[in-house]
Amino acid sequence: MTYHFDFSALLPYWPEFARGIWLTLQLSAISTVLGFVLGTLCAIGRADGSRWVKWLVAIYVEAIRNTPLLVQVFIIYFGIATLGLHVSANLAAVIALVINVGAYTCEIVRAGIESVHKSQIEAAECLGLSRVQTYWHVVLRPAIERVYPAVTSQYVLLMLASSITSQISAEELTAVANRIQSDTFRAFETYIVTGVLYLLLSLVVRICLWLFGLAVFVRRRKLGTAI
Amino acid sequence: MSAVVSLSNVHKQFGSLKVLDGVSFEVGRGEVAAIIGQSGSGKSTVLRCINALETIQQGTIDVCGHALHDASLNRRALHLDVGIVFQSYNLFPHLTVEQNIMLAPVSVKSIPKKQARELAREVLTRVGMEAKAENYPEQLSGGQQQRVAIARSLAMSPKLMLFDEVTSALDPQLTGEVLRVMEDLARGGMTMILVTHEMAFARKVASKVIYMHQGKVWETGSGDMLDQPKTAELRNFVGGVSHDRAEASV
Amino acid sequence: MPTFSLVHLEFLLTAAQWTIGLSIAAFVGGGLVGFVVALARISDLRVLRIAATVYIQLVQGTPLLILLFAIYFGIALLGYTNLPPLIAASAGLIIYSSGFLAEIWRGCIDSVPKTQWQAAECLALTRWQRMVKVILPQAARIATAPTVGFLVQIVKNTSLASVVGFVELAQAGKLINNSIYEPFTVFMIVALIYFAICFPLSTWSRSLERKLNVGRR
């Protein structure tokens, strides 16, 4: 049986694809920012918190890292509904993605924090800086600069993983693709095109994050070396 | 006039290891005290105790009017009065030289940025590093980094400066530039306590030399004490050091 | 309406066996393909290197879900409309795993010090002998920890095989939920079963990493 590839059947759907790309970008961007904040707070807690904070964060991190994102999405989506609250699929998707990427970010940032030598903290305290000032200026800032490449990788992975949220009917690129393929009966072509779109997206996101890093981390831009 | 630093019968141990065994001495305003001794004699520990980086089990330490043995000690206030320069410089690698120096004045004393920058330029000129203000620490030699570290402490206008073997990690040709800065400071009337292996420097610049051995103050005196040691231990110590230097110059 | 009971738990555990089976198939298949791709990636022939790089970038840059869909519908186009879901799911996961394992292993081969290559060359070994007798054994040691770590990723990714109709643990959960409608309970238990499979692997990977770092120093 011969099959005639017909990518042209997808052409009229390019606005749909564009909308899907935009939705995926929005979903990823919001989850990225919130996930980074959550992850950094957890990293601080796990690196320098009290014993029970360390335990709590460790349990959170291990639970997330050892269960599939799909199951996490289901638990959060249906769990919230069980509590009686009605949330949109997209909101549940954001919550699940934030919780997921928060755990991975926590470990990455924690490694950065623990790589700051004790003598740096001592020098800062001897200059009269308070604990909070020391933590921000001398621990967190260089730690984040050091782990930024690993953090950007995490966010590209997040964007690809967001496709999973289509399983609870969140609005993003994969959900759009599912609809298009059922409309056109050109499933194979649709998913090939979608795959290519994700590829291009990950490239674009990677470049943008790299440029952002150059803008923020002046030292790296000027010296070209890692801390 | 009371002394700037006054230690009385200080005892300290790390676990079961006794590091300071009844240390007492005083340093007055404008004095330059050099603490010398072998590794393990307790000299670095005593310096760290003076800046409350270590706690003591027994005795009293009074520094610039702060009572370190008191549980109610305000450590931040102490750190504003006492500056310390470390063997490994401990400059902040992600900040430029200028930003390194400006960080504390801006964050702690809430000095406006413009004023802090002028202050930074001023102290950098004092140590001869004003040309490197925009550089990052990794672009500087060890001697240059150490001079920046001194400037960083000076920017907070301390009443007392502590130097913890600040030339020990430097190549020999770089120690001179750092020692010159320290001599300048001494001449300017800064109260200084230095832990050092540089005997010639101690002899020339220090108004008081403290020789420590096995956690005790073994001998104190002026720089001349090094030429006329009273105890066998100091005689051996000085002899060992000058023996090394004689060999090196051959 | 019935509630979650032992019968359901049994169903889940049976599905878990399929999860484990699919994971093993993906790991073995992906490992074989990935190994070939890794070798191609460091080959002397530029064409092979480029082909391998393109393959890796393609696989790593597309969501697994899209890959599974494309393979599922692609295979259907070739005429195999009654393909067992296990085959479609395995194919998808094998391709996915091969892309990541190839990159992991290439990194490990690269981190064998260049001096080892030079020493082997000076002993007049052929390129093939150098690879097999000197480089690969050392690379394998370095690769053990991250490979076990990736096995955890494979197990988690089998949860997507449901989109091609394969009944593994996550799909079993959905089916049970459709009949008793207690999603929170069902999926928490599903999560616990995944955790029980993955956590020992994660721990093992971490302990391998520690042992390796000690050994290397």
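Since every read-out is calculated from the coordinates, none of them should be taken as a lab result. As the structure is a prediction and not an experimental result, all values here were calculated from the model. Counting neighbours? That spans all protein chains shown, and the Cβs are built from the backbone with ideal geometry, glycine included.
Worth a mention:
- Under the shape rule built on the C-alpha gyration tensor, where the axes satisfy a ≥ b ≥ c, the stretch A:143-195 is prolate, since a/c reaches at least 1.5 and a/b is greater than b/c.
- For the stretch C:133-149, backbone phi angles converted through the Karplus equation (6.51, -1.76, 1.60; θ = phi - 60°) give residue-by-residue couplings of 8, 10, 6, 4, x, 6, 4, 4, 4, 5, 7, 4, 4, x, 5, 4, x Hz, Gly and Pro being listed as x.
- Taking the stretch B:92-109 and a reference point 7 angstrom along Cα→Cβ of residue B:77, the backbone N atoms nearer than 19 Å belong to B:108-109.
- Isotropic mean projected area of the C-alpha convex hull, the stretch B:31-121 (nm²): 8.1
- At R0 = 22 Å, FRET efficiency that the Cβ-Cβ distance of residue A:33 and residue C:204 yields, to 0.05: 0.05
- Other residues whose C-beta falls under 12 angstrom from the C-beta of residue B:182 contribute a net charge of +1, scoring Lys and Arg +1 and Asp and Glu -1.
- Amide N of the stretch A:19-43 lying under 19 Å from the label point, which is placed 7 angstrom from the Cα of residue A:184 along Cα→Cβ: A:19-24
- Modelled FRET efficiency - R0 22 Å, residue B:26 with residue B:168, Cβ distances, 0.05 increments: 0.30
- Long-range HN-HN contacts of residue B:19 with modeled amide H, under 5 Å: B:12, B:13, B:14
- Taking chain C and dividing mean pair separation by its residue count, relative contact order in percent (alpha carbons under 8 Å, at least six apart): 30
- Model label points for residue B:157 and residue C:24, set 7 angstrom from Cα along the Cα-to-Cβ axis, are 7.6 nm apart.
- Here the dipole of the stretch A:12-223 is about 640 debye; that uses its Cα centre as origin and unit charges on the Cβ of Lys and Arg (positive) and Asp and Glu (negative).
- Ratio of Rg to Rh for the stretch A:127-227: 1.21 [Cα atoms; Kirkwood radius as inverse mean 1/r over pairs].
- Ordering A:106, B:64 by the number of other Cβ atoms within 10 Å of each residue's own Cβ, fewest first, gives B:64, A:106.
- Residues whose amide H comes within less than 5 Å of that of residue B:29, counting only those at least five positions distant or on another chain, are B:4 (H built at 1.01 Å from N in the peptide plane).
- Compared with the dominant Cα axis of chain A, that is its longest principal axis, helix A:51-65 is turned about 20°.
- Whole-number Å³ per residue for the convex hull built on Cα positions in chain B: 138
- Cα-Cα P(r), the stretch A:12-223, percent of pairs per 10 Å interval: 8, 28, 31, 20, 10, 3, 1, 0
- Placing one equal scatterer on every Cα of the stretch B:118-250 and applying the Debye formula, the log10 ratio I(q)/I(0) at q = 0.12, 0.13, 0.14 Å⁻¹ is -0.54, -0.63, -0.71.
- When you restrict to C-alpha pairs under 8 Å that are six or more residues apart and normalise by the size of chain A, the relative contact order lands at 29 percent.
- Model label points for residue B:118 and residue A:83, set 7 angstrom from Cα along the Cα-to-Cβ axis, are 5.6 nm apart.
- Ranking of B:233, B:183 by neighbouring Cβ atoms within 10 Å, starting from the fewest: B:183, B:233.
- Mean residue ellipticity, 222 nm, helices only, chain B: the sum of -39500 (n - 2.57) across DSSP H runs of n ≥ 4, divided by residue count and rounded to 500, is -12000 deg cm²/dmol.
- Per-residue [θ]222 nm for chain C (sum of -39500 (n - 2.57) over DSSP H runs n ≥ 4, rounded to 500): -27000 deg cm²/dmol
- Computed Rg/Rh of the stretch C:93-217, alpha carbon atoms with Kirkwood Rh: 1.18
- Tally of Lys pairs whose C-alpha atoms are under 16 Å apart, taken over chain B, 8 or more apart or cross-chain: 9
- For the stretch B:121-250, the relative contact order comes to 16 percent (Cα pairs under 8 Å, sequence separation of at least 6).
- Overall form of the protein assembly as shown per C-alpha gyration tensor (a/c, 1.5; a/b vs b/c): prolate
- Computed E for residue A:48/residue A:4 - FRET, C-beta separation, R0 60 angstrom, nearest 0.05: 0.45
- The residues neighbouring residue B:101, those whose beta-carbon lies less than 15 Å from its own, together hold a net charge of +4 under the Lys/Arg +1, Asp/Glu -1 convention.
- Prolate/oblate/rounded call for the stretch C:6-216, Cα gyration tensor, a/c under 1.5 rounded: oblate
- Temperature 37 °C, viscosity 0.692 mPa s: under these conditions the Stokes-Einstein estimate for the stretch C:43-95, based on its Kirkwood radius over C-alpha pairs, is 265 µm² per second.
- Tilt relative to chain C, helix C:46-61 - C-alpha long axis, 0 to 90 degrees, to 10: 30
- The calculated 222 nm mean residue ellipticity attributable to helices in chain A amounts to -25500 deg cm²/dmol, summing -39500 (n - 2.57) over DSSP H runs of n ≥ 4 and dividing by all residues.
- Summarising the label geometry, the points placed 7 Å from Cα in the beta-carbon direction at residue C:13 and residue B:231 lie 7.5 nm from one another.
- P(r), alpha carbons of the stretch C:76-130 - 10 Å bins starting at zero, rounded %: 19, 27, 20, 16, 14, 4
- Candidates B:35, C:27, C:102 compared by Cα position along the dipole of the protein assembly as shown: farthest toward the positive end lies B:35, with charges placed on Cβ.
- Taking A:117, B:69, B:11 and counting other C-beta atoms within 10 Å, the order from fewest to most: A:117, B:11, B:69
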